[in-house]
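Data block below; observations after.
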Amino acid sequence: MNKEDLFCIPHSFLLVVDDVGWWCGDDHRYKNGPSRSGIGRRHCIEDYKAIVEIGRSLNMRVKCGFVVGEWDRCNLLAKVRNSNKHGALWDNASQLDPQIDEVRDLINSSKDYMEIALHGVMHMFWTDEGIMKYAEFYQTCEETGKNKMTPPDIVREHLDAYFEILRQNGLTTDIKSFIPPCFRYVYSRDKDQLSAILSEYGIKYISTPFSSMEYTSPEKPEGACVENGIITVDRTNDLIPWDAVDAQTPDIIKKSYFGMHWPNFLNKDPEKNMETVARWIKYFEQYKNNFEILPARDNAIGSTQALYKRFTNLSFCDGRMVLDFSEVDAQGAKDLDGTLYVNIVNTINPKADEAVDLKIYEVHENYTTYKVERRKPFASKAVISFAG
């Protein structure tokens, strides 16, 4: 039997859902508006119950890319540059959804199963002339065809407005994660890039498909990386079109984050949402007992696990598994959690050295998931000995 069949640092699986927060589900790009969720109806509390049900089935805090513009109770966005097509005439306060308070209460009471992630005030960028451009934090530079960042002062205006609208509604402002609208993003450790500003606002994690991500580093990152203290994880390409309603489940398993858009597990008739949800719950059952996959409890665990997966040097010699964390520590993640997870077959009885604590996290039919906690001060290596 190969050593890869005996133990591994599993890939982190986290469900990530974009475009939560919209009330109007209509795509208005044809008239200079945002794409929204594209579901073609208004969203309602049943759509949020669907998220909670999937999260409960996975025992996971589903990462929800949340757009706040249509929650603006005080017409704040009338004063925020480049945030919407109406400019100073923005009026959302007169058309708040009647379920807004009920949904707010559901979100606040469901924190065990859903987690708000920053996804913009209105997802797009409107020029000073009122023309919509993709996307809120990066647009295409006409000269180079590359992503050009929204000016830093306007970025901060949008971020300030985002958190203020959350406060208006009594929603949590303890937001630790960012999902780039339209996947327009540039990975960079430079201090003049978006990640540096996001870190000022407490963002510690980013996830986006690396296939569409631009970068300023000499080589394109793989799997997971760190920029300005933030752990950025490859969500990999979504398997479902963004506007597919009541989508069919795929026939493959992803060994990565699983990105979706809100309508994918909703129904045109919200009363039938749970029929669609049941299909997706059945699909995700496959991820619960897979030797190579860790269903992460939340985004912090998933991001940290992805970083350890990417940079831990794992070797095996004389019945011992050696974990070398030197490269992990060298990445410079802010407040790096010393916890990772390993899967070991049940025919082995593992014992750890003094560098880590080793605890059973979950027992499966053929293997056990162990929680590995590095003791402080962090040692660069840890050894786990095997006995049959």
Only one of ILE360, ILE293, ILE301 is at pLDDT 95 or above, touching a His at 6+ places or on another chain (Cβ under 6 Å), closer than 29 Å to VAL62 by Cα and not assigned by TED's automatic domain parsing to the domain that holds HIS261, namely ILE293
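With the structure loaded, tell me whether LYS309 is among the charged types (D, E, K, R) and either in a helix (DSSP H, G or I) or on the phi > 0 side of the Ramachandran plot (or both) or whether it fails that test.
Answer is yes for this residue.
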Checking the structure you have, find out if any residue of region 270-282 is more than 20 Å from GLY25 (Cβ to Cβ) and surrounded by 19 or more Cβ atoms within 10 Å (Cβ to Cβ). no
Under the condition of being in contact with a Leu (Cβ under 7 Å, 6 or more places away or on another chain), among the aliphatic types (A, V, I, L, M) and assigned to a loop (DSSP other than H, G, I, E, B), which residue from region 1-45 is farthest from LEU323 (Cα to Cα)? ILE39
By residue number, the members of region 368-388 that are of a type in the set (A, V, I, L, M, F, W, C) and either part of a strand (DSSP E or B) or touching a residue at least 60 places away in the same chain (Cβ under 8 Å) (or both) are VAL372, ALA382, VAL383, ILE384, PHE386, ALA387
With the first residue restricted to region 99-110 and required to be assigned by TED's automatic domain parsing to the domain that holds CYS24, and the second required to be of a type in the set (Lys, Arg), Cβ contacts under 8 Å at 6 or more apart or on different chains are LEU106/LYS49
Name the single residue, out of those in region 150-187 being touching a helix residue (DSSP H, G or I) at 6+ places or on another chain (Cβ under 6 Å), of a type in the set (Val, Ile, Thr) and in contact (Cβ under 8 Å) with a residue 40 or more places away in the chain, that is surrounded by the most Cβ atoms within 10 Å (Cβ to Cβ). ILE165
Top-ranked residue of region 322-362 - restricted to ones that are assigned to a strand (DSSP E or B), of a type in the set (A, V, I, L, M, F, W, C) and out of contact with any Pro (no Cβ under 9 Å at 6 or more places or on another chain), ranked as surrounded by the most Cβ atoms within 10 Å (Cβ to Cβ): LEU340
Does GLU227 satisfy the condition of being surrounded by fewer than 19 Cβ atoms within 10 Å (Cβ to Cβ) and of a type in the set (Asp, Glu)? no
Being within 13 Å of the chain's Cα centre (by Cα) and either in a loop (DSSP other than H, G, I, E, B) or among the aliphatic types (A, V, I, L, M) (or both) narrows ILE231, ILE281 down to just ILE231
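Go through region 284-296 and give me each residue that's outside any loop (DSSP other than H, G, I, E, B) and surrounded by 16 or more Cβ atoms within 10 Å (Cβ to Cβ).
Listed by number, the residues that qualify are PHE284, TYR287, ILE293, LEU294, PRO295.
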Would you call PRO270 assigned by TED's automatic domain parsing to the domain that holds LYS148 and without any contact (Cβ under 8 Å) to a residue 40 or more places away in the chain? no
Which number in (1) in a strand (DSSP E or B); (2) modelled with pLDDT of 95 or more; (3) over 26 Å from ILE231 (Cβ atoms) marks the one condition that GLU365 misses? (1)
For CYS64: the one exception among (1) hydrophobic (A, V, I, L, M, F, W, C); (2) surrounded by 23 or more Cβ atoms within 10 Å (Cβ to Cβ); (3) under 20 Å from the mean Cα position of the chain (by Cα); (4) over 18 Å from ASP105 (Cβ atoms): (4)
For region 250-263, name all the residues that are buried (at least 17 other Cβ atoms within 10 Å of the Cβ) and either within 19 Å of ASP26 (Cα to Cα) or more than 17 Å from the chain's Cα centre (by Cα) (or both). MET260, HIS261, TRP262, PRO263
Residues located in region 88-107, provided they are part of a helix (DSSP H, G or I) and in contact with a strand residue (DSSP E or B) (Cβ under 8 Å, 6 or more places away or on another chain): ILE107
Find the residue count for region 204-225, including only residues that are in contact with a Ser or Thr (Cβ under 9 Å, 6 or more places away or on another chain), under 19 Å from MET149 (Cα atoms) and in a loop (DSSP other than H, G, I, E, B). 6
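The values are calculated or read from the model by the stated rules, or taken from the named source; none is laboratory data. None of these values were measured; they are calculated from a predicted model. Because the Cβ atoms are built from the backbone with ideal geometry, glycine has one as well, and the counts that use them run over all protein chains shown.
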